[in-house]
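J.: Dropping the structure in here first, questions after.
Derivation of every value follows stated rules applied to the coordinates shown; laboratory data play no part. Remember, predicted model here, so these are calculated numbers, not experimental data. Every residue, glycine as well, gets a Cβ built from its backbone with ideal geometry; the counts of neighbours run over all protein chains shown.
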């Protein structure tokens, strides 16, 4: 019991590490909470600090969810427990003790949890998200669709734990992206400097200026 409690605390503290804030301040002298969408995650880091910083933050945030879920399994804690530790990392990222209990949307950290628990499902979510982002240039839409697909496909398995957690994460993702959903609906969502839609808009602005 003591081991479980300590691992839960570790998972929360690990998830709480605000990689976007620390990397922005340490290497760029920029607080990303004051720029772009003001989110501390990888997407806003990419927009504000560039692709290298954005990629590093994404990998570190994925690593938080992966380590929080993987470590208990290596210590002999199985069944539902690994996912619970992963959820603690997600909560840490969203309500970080190092950021006045604020944080990011925890998409990358949730993906890391899924990577450790079921790598095939992680690949499915990543492929779905990447394809969507490549077409629409919208990270928010890719993240939402990735979790919805995982939730639906989880019912093809007998893993009730995965079904429940996938459902919770999907609802959580939809809630955290509620403003993005409104912007997508209104056609005002921010886009990444990548993908077919971005290149189409760039082409239009270059060859058919108003």
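J.: If you take the beta carbon distance between residue 73 and residue 202 as r and set R0 to 35 Å, what does 1/(1 + (r/R0)^6) give as a FRET efficiency, to the nearest 0.05?
T.: With a Förster radius of 35 Å, E is 0.20.
J.: Which whole-number value in Å³ per residue fits the convex hull of the alpha carbons of region 30-78?
T.: It comes to 74 Å³ per residue, whole-number rounded.
J.: When the Cα centres of region 153-208 and region 102-120 are compared, how far apart do they sit, in Å?
T.: Their Cα centres are 15 Å away from one another.
J.: Please compute P(r) over all alpha-carbon pairs of the chain, binned at 5 Å starting from zero, and give each bin as a whole-number percent.
T.: 1, 8, 15, 19, 19, 16, 11, 6, 3, 2, 1, 0, 0, 0
J.: If you don't mind, there's one more thing I want to ask. Using a 7 Å offset from the Cα along the Cα-to-Cβ direction at both residue 134 and residue 80, what is the distance between the two label points in nm, to one decimal?
T.: Inter-label distance under the simple model: 3.8 nm.
J.: Right, something else. Rg and Dmax of region 32-137 over Cα atoms: what are they, in angstrom?
T.: So, for region 32-137, Rg and Dmax equal 14.4, 43 Å respectively.
J.: Please compute the length gained on full extension between residue 156 and residue 52, using 0.36 nm multiplied by the number of residues separating them and subtracting their Cα-Cα distance.
T.: Contour length minus the Cα-Cα distance gives 33.7 nm.
J.: If you don't mind, another one. Can you sort 138, 113 by how many other beta carbons sit within 10 Å, fewest first? Write down the numbers at each step before the final one.
T.: Values: 138 23, 113 32.
Ascending Cβ contact count within 10 Å gives the list 138, 113.
J.: For the chain, what does the helix formula give at 222 nm: sum of -39500 (n - 2.57) over DSSP H segments with n ≥ 4, over the residue count, nearest 500 deg cm²/dmol? Please report the intermediate quantities before stating the final value.
T.: Details: 11 runs with 153 residues, N = 210.
About -23500 deg cm²/dmol.
J.: Which length gain, in nm to one decimal place, applies between residue 120 and residue 181 when the Cα-Cα distance is subtracted from 0.36 nm times their residue separation?
T.: Using 0.36 nm per residue and subtracting the Cα-Cα distance, I get 19.2 nm.
J.: Let me know the whole percent of all Cα-Cα pairs from region 118-210 that are separated by more than 18 Å.
T.: That tail contains 52 percent of the Cα-Cα pairs.
J.: Please arrange 119, 151 by how many other C-beta atoms lie within 10 Å of their C-beta, fewest to most.
T.: So the residues, fewest neighbours to most, are 119, 151.
J.: Kindly express, to the nearest 10 degrees and within the range 0 to 90, the angle between helix 107-117's C-alpha long axis and the longest C-alpha principal axis of the chain.
T.: 40
J.: Find how much the distance from residue 168 to residue 101 grows on full extension, using 0.36 nm per residue of separation minus their present alpha carbon separation; answer in nm with one decimal.
T.: 22.1 nm
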